[in-house]
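Novice: Just dropping this structure here.
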Amino acid sequence: MNSPILDYSPAGQIDVSEEIRRKGLSAKLKTANIVDAMGKFHRHRCHLSDLVSPTPDQVLFGPVATVSYFPTCHDILPSERYNFRRLFEEATQDSASGRVLVLASNGHPDVSLAGGTKLSLLASHGLAGVLADGRLRDFAELSTCGFAVYCRGESVKWGGEVVTPFEAGRPVVVGGVMIRPGDYVFADSSGAAVVPHEQVLEVLEEAHHVAGEDLAATDGIHRADVPPQQAG
């Protein structure tokens, strides 16, 4: 029997007003703030480390659409059915804009999952970016693609002989972290965090409190280090 919690998949377009609020809350946060805030709600792992990016100055934030990969076998997984474009369309359906495409390699983090040509679909459909649990090709091209890109590294070798896009719109595991369609990903140059869709507003608000507390603590330390005669 399937779990309705694991099978959650958002339907329809993203609520624009709610998404503006979420994006506003995510501004000026760091991944560490999200992870600290998540720790006040959950014990499970939510962070991803050792990510590489051709767009390290861009923050990736948005609700997730998933595509998972499977070892290539042309007899079982014919390319006319199991290909990136078709699985991308299944994952995003009619609500692609603003989403984060998560590519799950299922144990093949050193294999290329896509490159500039395939990922150009993200720009044409208005996605926020991609988080790949594998390598990507064409970093130079992706650095000017207009969306945020985080992955396990760059590859110069096509990965289709090793893995094939297999399933879309299902929960995946990336780096030991469960990610469901509709959950939120936040990623910057320090790493990434995954937030359950049910609590994204609460976590973002708590992350702001965490960031404020950190800033106040740092300011207090600096003030304590200033000699009395220099204190204003």
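The values are calculated or read from the model by the stated rules, or taken from the named source; none is laboratory data. Since we're looking at a predicted model, the values are computed, not measured. Reconstructed Cβ throughout: ideal geometry from the backbone, glycine too, with neighbour counts over all protein chains shown. Surface areas here come from the heavy atoms of the whole protein model, side chains and all, with no ligands, DNA or RNA. Shrake-Rupley method; radii C 1.70, N 1.55, O 1.52, S 1.80 Å.
Okay, residues lined up against (1) open to solvent by 40 Å² or more (accessible area, probe 1.4 Å); (2) among the aliphatic types (A, V, I, L, M):
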site	(1), (2)
G169	no, no
V172	no, yes
D183	no, no
F186	no, no
A192	no, yes
E202	yes, no
V210	no, yes
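Novice: Has segment 71-82 got any residue that is outside any strand (DSSP E or B), open to solvent by 50 Å² or more (accessible area, probe 1.4 Å) and among the β-branched types (V, I, T)?
Specialist: Yes, there is a match, as at least one residue in segment 71-82 is outside any strand (DSSP E or B), open to solvent by 50 Å² or more (accessible area, probe 1.4 Å) and among the β-branched types (V, I, T).
Novice: Is one or more of the residues making up segment 143-158 of a type outside the set (A, V, I, L, M), open to solvent by less than 10 Å² (accessible area, probe 1.4 Å) and part of a loop (DSSP other than H, G, I, E, B)?
Specialist: Within segment 143-158 (the criterion being of a type outside the set (A, V, I, L, M), open to solvent by less than 10 Å² (accessible area, probe 1.4 Å) and part of a loop (DSSP other than H, G, I, E, B)), the answer is yes, since at least one residue qualifies.
Novice: Further question on the same structure: Condition check: within 21 Å of G176 (Cβ to Cβ), among the charged types (D, E, K, R), surrounded by fewer than 15 Cβ atoms within 10 Å (Cβ to Cβ) and in contact (Cβ under 8 Å) with a residue 12 or more places away in the chain. Does D57 satisfy that?
Specialist: So D57 fails the test.
Novice: For segment 11-43, name all the residues that are modelled with pLDDT under 85, in a loop (DSSP other than H, G, I, E, B) and open to solvent by less than 60 Å² (accessible area, probe 1.4 Å).
Specialist: Within segment 11-43, G12, I14 meet the criteria.
Novice: Tell me, which residue of segment 117-137 that is out of contact with any Phe, Trp or Tyr (no Cβ under 9 Å at 6 or more places or on another chain) and part of a helix (DSSP H, G or I) is nearest to T164 (Cα to Cα)?
Specialist: T117
Novice: OK, next. Hey, could you check segment 112-136 for residues that are closer than 20 Å to E19 by Cα and aliphatic (A, V, I, L, M) and say which is surrounded by the most Cβ atoms within 10 Å (Cβ to Cβ)?
Specialist: The extreme case among them is V130.
Novice: Please specify each residue of segment 154-213 satisfying the condition of being aromatic (F, W, Y) and under 15 Å from the mean Cα position of the chain (by Cα).
Specialist: Y184, F186
Novice: On to the next question. Is at least one residue of segment 64-78 of a type in the set (S, T, Y) and in contact with a helix residue (DSSP H, G or I) (Cβ under 7 Å, 6 or more places away or on another chain)?
Specialist: The answer is yes; a qualifying residue exists.
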